[in-house]
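Comments concern the structure below.
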Amino acid sequence: MDPVDFPTEPPYPAELRAVIRGEVLDEWPQDLYIPPDALEVILESFEGPLDLLLYLIRKNNLDILDIPVAEITRQYMEYIELMREAKLDLAAEYLVMAATLAEIKSRMLLPKPVGEEDEEDPRAALVRRLQEYERFRDAAHQLDDRPRVERDLFVARVQFEEPRPPRLLPKVDLEDVVAAFFQVVERAENLRHLQVTREALSVRERMSRILHHLREHGSCRFQELFASHEGRMGLVVTFIAILELARDNVITVVQNESFSPIHIKSAA
């Protein structure tokens with residue numbers, strides 16, 4: 001860490017001037033208290049001993065394949081001492097790397113035995129670790145620089161409720177009811193058989209029967225109120241009873257949609 005020399009007398013450089021409430025202060029306040037450790041600044045931080053070694057190599061423009069171990073070891077130990085003076089927690093891996101550098105330095109200082117010219121360079125293992133670490137570190141930086149959801153990109157989300165308009169049932173005209181009755185008559189004609197006896201049919205009695213049927217079932221289809229075995233006369237009486245009840249607002253004739261079956265239900 002290089003020491004920083006702060007000027008003791010004004011005028012101070014622009015980057016050292018303080019602006020408080022829009023006013024530039026060219027002099028230190030007389031009552032300003034600065035703790036002893038307030039101006040201790042750590043210029044660089046490293047993720048591990050390999051990161052520190054790689055920083056020293058790149059800073060000095062050294063060839064990673066031909067590392068001057070003595071110089072790198074000296075700078076590395078200076079940083080270790082700096083960390084001790086700053087009272088930082090020194091990880092054990094930094095000390096292990098310092099011992100490794102000392103071992104490599106000592107092996108390179110020792111003369112090579114005769115006949116062992118092909119011995120591997122003591123720096124080779126460290127160089128391989130540095131190269132591998134550099135590749136992974138650069139790849140991690142490239143991934144970190146890519147746009148990330150919830151950091152650089154934000155997905156827009158809009159929640160809305162689709163309104164449900166009230167369902168409007170189509171109005172049933174008298175012509176639709178008559179057309180439905182003609183269908184019932186046509187079906188009854190196809191099933192017509194010879195009537196031997198004459199039965200007296202009452203519109204009032206048929207109205208009571210229809211209301212009783214609606215009380216039991218709630219609602220029914222228009223065709224369910226007609227009995228084909230009663231013949232034309234029975235169908236006509238039933239139809240007249242339905243019209244009477246509809247006119248008196250006792251029953252309601254509804255249809256879900258156009259050309260759909262017609263239903264009869266009690267108005268109450």
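In segment 52-70, the residues that are in contact (Cβ under 8 Å) with a residue 24 or more places away in the chain reach residues that are among the hydroxyl-bearing types (Ser, Thr, Tyr) with C-beta atoms within less than 9 angstrom, at least six apart or across chains, in these pairs: 52/76; 52/79; 52/94; 53/76; 53/133; 54/133. Tell me, please, whether a residue that is part of a helix (DSSP H, G or I), over 15 Å from residue 172 (Cβ atoms) and within 53 Å of the chain's Cα centre (by Cα) can be found in segment 209-217. Checked segment 209-217: at least one residue is part of a helix (DSSP H, G or I), over 15 Å from residue 172 (Cβ atoms) and within 53 Å of the chain's Cα centre (by Cα).
Scan segment 63-82 residue by residue and report those that are touching an Asp or Glu at 6+ places or on another chain (Cβ under 9 Å) and at pLDDT below 80. Can you show your working first?
Keep residues of segment 63-82 that are touching an Asp or Glu at 6+ places or on another chain (Cβ under 9 Å), which gives 64, 79.
Selection gives 64 alone.
Matching residues to (1) among the hydrophobic types (A, V, I, L, M, F, W, C); (2) on the phi > 0 side of the Ramachandran plot; (3) at pLDDT 85 or above:
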{"site": "162", "(1), (2), (3)": "no, no, no"}
{"site": "170", "(1), (2), (3)": "no, no, no"}
{"site": "181", "(1), (2), (3)": "yes, no, yes"}
{"site": "195", "(1), (2), (3)": "no, no, no"}
{"site": "212", "(1), (2), (3)": "no, no, yes"}
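Looking across 186, 162, one residue alone is free of Cβ contacts under 8 Å to residues at least 24 places away in the same chain and either in contact with an Asp or Glu (Cβ under 9 Å, 6 or more places away or on another chain) or in a loop (DSSP other than H, G, I, E, B) (or both). It is 162.
Pairing each residue of segment 251-265 that is in the same structural domain as residue 222 (by TED's automatic domain parsing) with any residue that is among the charged types (D, E, K, R) and buried (at least 16 other Cβ atoms within 10 Å of the Cβ), provided the two are 6+ apart or on different chains, yields C-beta distances under 8 Å for 255/176; 262/176. Can you find, within segment 124-135, the residue that is farthest from residue 53 (Cα to Cα) among those that are surrounded by 11 or more Cβ atoms within 10 Å (Cβ to Cβ) and of a type outside the set (A, V, I, L, M)? Among them, the one singled out is 132.
The residues on offer are 25, 43, 16, 39, and the sole one that is at pLDDT 65 or above, farther than 30 Å from residue 110 by Cβ and not assigned by TED's automatic domain parsing to the domain that holds residue 134 is 25.
The values are calculated or read from the model by the stated rules, or taken from the named source; none is laboratory data. Please read these numbers as outputs of a predicted model, since none were measured by experiment. Methodologically, a virtual Cβ is constructed for each residue, glycine included, from the backbone with ideal geometry; neighbour enumeration extends over all protein chains shown.
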